[in-house]
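Worksheet: one structure, shown below.
The values are calculated or read from the model by the stated rules, or taken from the named source; none is laboratory data. Please read these numbers as outputs of a predicted model, since none were measured by experiment. Every residue, glycine as well, gets a Cβ built from its backbone with ideal geometry; the counts of neighbours run over all protein chains shown. In case anyone asks, the SASA skips ligands and DNA or RNA and just uses the protein heavy atoms, side chains included. Shrake-Rupley method; radii C 1.70, N 1.55, O 1.52, S 1.80 Å.
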Amino acid sequence: CEAISYLDGVIAFFSYEENRNNPIPILIKQLKYKYTENIIEIFDKLIGDSLSMDFWFDYKVIPVPLYSFRLRQRGFNQSELIANIIKKRVGSLSATKSGLVRVRNTKQQTNLSGELRRQNLVDAFEWKKEVQIPKKVLLIDDVFTTGATLQECAKVLKSSGVKKVWGMVLARG
């Protein structure tokens, strides 16, 4: 039985493997849960010039949205900070005032199984009808574990009319 994917592909810069030789999980946790926003500068340096500009020239960058409560609590959206790095590194990418919104609060995914992650995110995202639909999207998030978040966002994007959706994450677990 072949799995259905709404993503055309996923790119991860780093491994999320938790071991004493890999600082990436620690840095991501500091960013997300200790609200250490300036850690994004470290990721900016680590990513460097590793992106190919030619492939992404006509993609719109859209970060995975946070629910309004979590955004107020954290003070920033880590996916948006990562998206800003990507836009800076690949100057030809155009930013879109995102029409992708999180319409309901969900449990944090960290301690949920793959199936519970998928269930947790059902109908959590929508595309605002008044925002123009891009043809190609580069969907930005921090970590790809089961892919539930990116898949649910990509499902909404494709059902709204987006033709291609690639995911780009800091790390893959």
Checklist outcome for this item: Phi angles of the stretch 24-33, converted by Karplus (6.51 cos²θ - 1.76 cosθ + 1.60, θ = phi - 60°) into ³J(HN,Hα) in whole Hz with x for Gly and Pro, give 4, x, 5, 4, 5, 5, 4, 4, 7, 10
Next on the checklist: Give me the percent of accessible area attributable to carbon and sulfur for the chain, probe 1.4 angstrom.
Outcome noted: 51
Checklist entry - Amide H neighbours of THR145 under 5 Å, counting only residues 5+ apart in sequence or on other chains, H built in-plane at 1.01 Å? => result GLY173
Item to check | the stretch 1-80: C-alpha gyration tensor shape, a/c 1.5 cut-off, then a/b vs b/c | outcome: rounded
Item to check | With at most 12 other Cβ atoms within 10 Å, longest stretch of the chain clear of loop GluC sites (Glu not before Pro) (DSSP) | outcome: 19-129
Item to check | Å² per residue, accessible surface of the chain at 1.4 Å | outcome: 55
Checklist entry - Nearest 0.05, what FRET efficiency do LYS163 and ASN19 give at R0 = 35 Å with Cβ-Cβ as r? => result 0.35
Checklist entry - Counting other Cβ atoms within 10 Å, which trypsin sites (Lys or Arg not before Pro) in the stretch 78-173 have at most 14 and lie in a DSSP loop? => result LYS97, ARG104, LYS107, LYS128, LYS129, LYS135, LYS163
Checklist outcome for this item: Of THR36, THR110, THR146, the most mobile residue in a GNM of the chain (C-alpha springs, cutoff 10 Å) is THR110
Item to check | Added length on full extension, which subtracts the Cα-Cα distance from 0.36 nm per residue, LYS32 to GLU115 | outcome: 27.6 nm
Item to check | 15 Å beta-carbon shell around SER68, net charge (K/R +1, D/E -1) | outcome: +4
Checklist entry - Given a Förster radius of 25 Å and the C-beta distance between SER50 and ILE4 as r, what FRET efficiency does 1/(1 + (r/R0)^6) yield to the nearest 0.05? => result 0.25
Item to check | Distance between the stretch 10-78 and the stretch 114-173 - C-alpha centres, whole angstrom | outcome: 16
Checklist entry - Can you list residues whose amide H is under 5 Å from PHE14's amide H, if they're 5+ apart or on another chain and H is modeled 1.01 Å from N? => result ALA171, ARG172
Item to check | Debye equation applied to the C-alpha atoms of the stretch 76-173, log10 I(q)/I(0) at 0.10, 0.13, 0.17, 0.24 Å⁻¹ | outcome: -0.27, -0.45, -0.79, -1.50
Checklist entry - Taking the Cβ of CYS153 as the center, what net charge do the other residues with Cβ under 11 Å away carry, scoring Lys and Arg +1 and Asp and Glu -1? => result 0
Item to check | Anisotropy class of the chain from Cα gyration tensor, a/c 1.5 cut | outcome: rounded
